[in-house]
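Report on the structure given below.
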Amino acid sequence: MKSATKTCGILTSGGDAPGLNAAIRAVARTAMDVHGITVVGFEHGYRGLIENRSRVLKPTEFSGILARGGTILGTSREKPFKDKNWCDETDAPCAVRSIKENYRNLGLDGLVILGGNGSNTTAAMLAEEGLNIISLPKTIDNDIAETDMTFGFHTALSVATEAIDRLHSTASSHNRIMVIEVMGHKAGWLALYSGVAGGGDVILLPEIPYDLQSISRHLDQRCRDGKTFSIVVVAEGARSVEEAAMDKKKFKKAREKMSGSIGYRVAEEIQTATGLDSRVTVLGYLQRGGTPVAFDRILATQFGTAAANMLAAGDFGKMVALRDGNIVGVPLDKVAGRVKAVPLDHEMFKAARDVGTCLGD
Ligand code: F6P
């Protein structure tokens, strides 16, 4: 069948995630080799699209990138619809006008966007502006709506789990509380899964506001049971019961006053409440860097080939998603502006509680 798309663009946007290169390779190889589509790569996300920093990708560019972390296209957190990109003399953002011009001048029939929540919201807005968009769900946070899994998550999960494993021996040698802070501002998938995989004794995440007294009781009980150390896994978006009761403004102010990140505060609170010696590890960007695990390479490859096939079929305005084991396209407007938090009835919460983990409540 003849491809509906002759020329397409591709860009990676938002924080990088392991598997981006595998996805780029899958989109480009399938688009070029199977459908004869010319693929134009934009540098540094939406910034490259606004400024037309682009190049026609060559087949040789994809050799050896499957296992490589980061993105060969570069990325940025540029948001074309943000106020700063607005032109006074027009009724549309300059950035969006440039994007449309570049899209037209380069002769694009479609654009593939690899991004997280913010990038998918922008993708939906560009689709509304008339561009033919297909997106892929990328983030280590696994918090994109309408897909069971994002690529990048499993690599970050392995890194965080290994870190927790390593903390066990030093925690037990010193009889300490080891607090480990992992990524996840709005959703606690990474904290919950790595906490379960690594046997965290306490897991704190944005979905369940924590009560310091419950945590102290749990840790004290462990001491009485003869357990001389504990591991506390904290998502960077974790908040206390008191904070959860605050309005947005008050919460923001309270957080501005906080010295260091949430992991430091939790460690201090625990040490003060229990008298137990506490230390902090903030895992940070180690979770995002480096080579993707096999699962992320496979998922990214499946997503990428599906995106290229959708380009050829002219099936636009969708994000490629994993649903009940199937790769499907979901309408972008169902994804835009949403965050997939861990549902409170998720079976992993039950499993964590069943093995004696305190979830802070
Ligand atoms: O992309 C998601 C994420 O990894 C979050 O978990 C984290 O809060 C954020 O990126 C930080 O990214 P940056 O510092 O690059 O903006």
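Of S119, S76, S173, which is the most mobile in a GNM of the chain whose springs link Cα atoms less than 10 angstrom apart? Among S119, S76, S173, the largest mean-square fluctuation in the Gaussian network model of the chain belongs to S173. Annotation: extensible slack from C94 through D277 equals 60.4 nm (criterion: 0.36 nm per residue apart, minus Cα-Cα distance). The C-alpha atoms of the chain define a longest principal axis, and helix 94-105 lies at about 50 degrees to it.
For the pair R224 and E347, a Förster radius of 41 Å applied to the C-beta separation gives a FRET efficiency near 0.85, rounded to the nearest 0.05.
If R0 is taken as 30 Å, the Cβ-Cβ distance between S261 and D83 corresponds to a FRET efficiency of 0.60. Convex hull of alpha carbon positions in segment 109-235: directionally averaged projected area 8.8 nm². Among the cysteines of the chain, those with no neighbouring cysteine Cβ under 4.7 Å are C8, C223, C358.
By the rule of a C-alpha distance below 19 Å, with chain neighbours fewer than 8 residues away ignored, the lysines paired with K257 are K248, K249. Of all DSSP-defined beta bridges confined to segment 154-288, some 5% are antiparallel rather than parallel.
Computing FRET efficiency as 1/(1 + (r/R0)^6) for V328 and K248, where r is the C-beta to C-beta distance and R0 is 35 Å, gives about 0.50. Relative to the longest principal axis of the Cα atoms of the chain, helix 153-174 runs at roughly 20 degrees. Per residue, the accessible area of segment 79-195 comes to 37 Å² when a 1.4 Å probe rolls over the protein heavy atoms.
Protein heavy-atom surface of segment 154-288, 1.4 angstrom probe: 51% of the accessible area is carbon and sulfur, with nucleic acids and ligands not counted. Treating each Cα of the chain as an identical point scatterer and ignoring solvent, apply the Debye formula and state log10 I(q)/I(0) at q = 0.06 Å⁻¹. Those come out to -0.25, one per q. Based on Cα contacts under 8 Å between residues 6+ apart, segment 154-288 shows a relative contact order of 36 percent. For T38, the residues whose modelled amide H falls within less than 5 Å of its own, excluding neighbours fewer than 5 places apart on the same chain, are T7, C8. Here the contact order of segment 1-149, divided by its residue count and restricted to Cα pairs under 8 Å and six or more residues apart, works out to 29 percent. Modelled this way, with points 7 Å down the Cα-to-C-beta line, the labels at R166 and V34 are 3.9 nm from one another. Angle check, please: helix 117-128 long axis (alpha carbons) against the longest principal axis of the chain (alpha carbons), in degrees 0 to 90, nearest 10. The two axes meet at around 30 degrees. Computed about its Cα centre, the charge dipole of the chain is approximately 580 debye, with only Lys, Arg, Asp and Glu carrying charge at their Cβ. Straight-distance candidates among the lysines for linking to K350, with alpha-carbon spacing under 25 Å and chain neighbours fewer than 8 residues away dropped: K186, K227, K340. Antiparallel beta bridges, as assigned by DSSP with both residues in the chain, represent about 25 percent of the total such bridges. Consider a paramagnetic label point 7 Å from the Cα of F295 along Cα→Cβ; state which residues of segment 323-361 have an amide N under 20 Å from it. Taking a point 7 Å out along Cα→Cβ of F295, the residues of segment 323-361 whose backbone N falls under 20 Å are 323-328, 340-355. Of the candidates S135, S259, S158, which one comes out as most mobile in a Gaussian network treatment of the chain with C-alpha springs shorter than 10 Å? So, out of S135, S259, S158, the one fluctuating most is S259. Farthest towards the positive end of the charge dipole of the chain, among the residues S214, A163, G110, is the Cα of G110, using unit charges on the Cβ of Lys, Arg, Asp and Glu. Would you calculate, for the chain, the mean residue ellipticity at 222 nm contributed by helices, counting each DSSP H stretch of 4 or more residues as -39,500 (n - 2.57) and dividing by all residues, to the nearest 500? Theoretical 222 nm ellipticity from helices: -12000 deg cm²/dmol.
The values are calculated or read from the model by the stated rules, or taken from the named source; none is laboratory data. Keep in mind the model is a prediction, meaning the values are calculated, not measured. Heads up, the Cβs are rebuilt from the backbone with ideal geometry, glycines too, and the neighbour counts pull from every protein chain shown. These accessible areas exclude ligands, DNA and RNA; they are computed on the full protein's heavy atoms, side chains included. Shrake-Rupley method; radii C 1.70, N 1.55, O 1.52, S 1.80 Å.
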